[in-house]
1. Normalise the Debye intensity by I(0) for the range 125-187, one equal point scatterer per Cα, no solvent, then take log10 at q = 0.19 Å⁻¹ and round to two decimals.
2. Quick one: P(r) of the range 43-172 from all Cα-Cα pairs, 5 Å bins, percents rounded to integers, in order of increasing distance.
3. Heavy-atom accessible area per residue, the chain, 1.4 Å probe: how many Å²?
4. Work out the length of the dipole vector of the chain about its Cα centre, built from +1 on the beta-carbon of each Lys and Arg and -1 on the beta-carbon of each Asp and Glu, and round it to the nearest 20 debye.
5. Check cross-link reach from K257 to the lysines: straight Cα distance under 16 Å, and skip same-chain residues fewer than eight apart.
6. Can you work out the Karplus-derived ³J(HN,Hα) for every residue in the range 250-262? Use 6.51 cos²θ - 1.76 cosθ + 1.60 with θ = phi - 60°, whole Hz, and x for glycine or proline.
7. Given the options I251, A125, T155, identify the residue whose Cα lies farthest towards the positive end of the charge dipole of the chain (+1 on Cβ of Lys, Arg; -1 on Cβ of Asp, Glu).
8. Could you give the dipole magnitude of the range 43-172 about its Cα centre, charging the beta-carbon of Lys and Arg +1 and that of Asp and Glu -1, in debye to the nearest 20?
Amino acid sequence: MSESDGDGATEKVLGMDWSRKPGDPADPAVDAEWIAGMAGLGLDTNFIVVHGAGSFGHFQASRSGVHKGGLHSTLVKAGFVATRISVTSLNQEIVRALAREGIPSVGMSPFACGWSTQQRKLASANASQIIQSLHTGFVPVLHGDAVLDELLDCTILSGDVIIRHLAQLLSPRYVVFLTDVHGVYDRPPTDPNAVLLKEIEVDDNGGWSIVKPALLQGNTKGVEISVAAHDTTGGMETKILEAAVIARLGIDVYITKAGTEHSLRALKGDVSTDSEDWLGTIIRSSK
């Protein structure tokens, strides 16, 4: 996001988390005079971040059956509350981590923004606050959330579905999925014979085929997907399906491992179908 010339000079970071943490003897020092004299942040803030629940919300949701609906059940209602406490706590931690690095991030919960579903399909998704935040230079940080459903009472709205909707609405240059593996494999990546699929093409009808590696070229059925038992939103399978919808819009999707040079390149858009040294999966339109 930095717009600096990359000369390696260490610059003072404008930390934006000014709240006192548990155990701190005093509020954090804030150099208001220095901040007031800044011409700008020197950042490209034209980003939207969407994160999943990881070890936070999925367990509460799966134990109580929130994803199945039925708020007449005390267990489901309690689980809905527990799930939202968990996912919003994670959201706050991610927003604070970004803010400490000088990124003007603001947390936005789909439930609080009025997003809802009908039979688990997104039915209402007002993005005006997200768009307005972007225009004013903030980085919206959304997350998978427990939401109300017109027929089921409630369900879980996946971060992957949120990304797809925002891509349809805002037409970004590219979309990046960061995971704990390097991309999409032809079988669970824990299998020693697993092969990383470097490029997948999606046609107008939603059908997809493997372009790279050549040994799997044209294969449309040779991908096995495993989903963790606690994952109520479909894991990698949902990511691939939503990525395919995004790719049909003409928007390239990169799936790669978080915290690596490959994820940094993907986030900068420095990836092409000819990038042999990049580890990840590109999903794009066949047009």
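1. For the requested q values the scattering log ratios are -0.92.
2. Over the range 43-172, the share of Cα pairs per 5 Å bin runs 2, 12, 21, 23, 19, 12, 7, 4, 1, 0 percent.
3. 53 Å²
4. 920 debye
5. Filter leaves K198, K239, K268.
6. Those phi angles translate into x, 9, 5, 10, 10, 10, 8, 8, 5, x, 10, 4, 5 Hz.
7. Checked the options; the winner is T155.
8. Values: 9 positive and 8 negative charges, 54 e Å.
It comes to approximately 260 debye.
The values are calculated or read from the model by the stated rules, or taken from the named source; none is laboratory data. Predicted model only: the values in this text are computed from it and were never measured. Note that each Cβ is placed from the backbone with ideal geometry, even for glycine, and that neighbours are counted across all protein chains shown. Please note that ligands, DNA and RNA were not included when accessible areas were found on the heavy atoms of the full protein model with its side chains. Shrake-Rupley method; radii C 1.70, N 1.55, O 1.52, S 1.80 Å.
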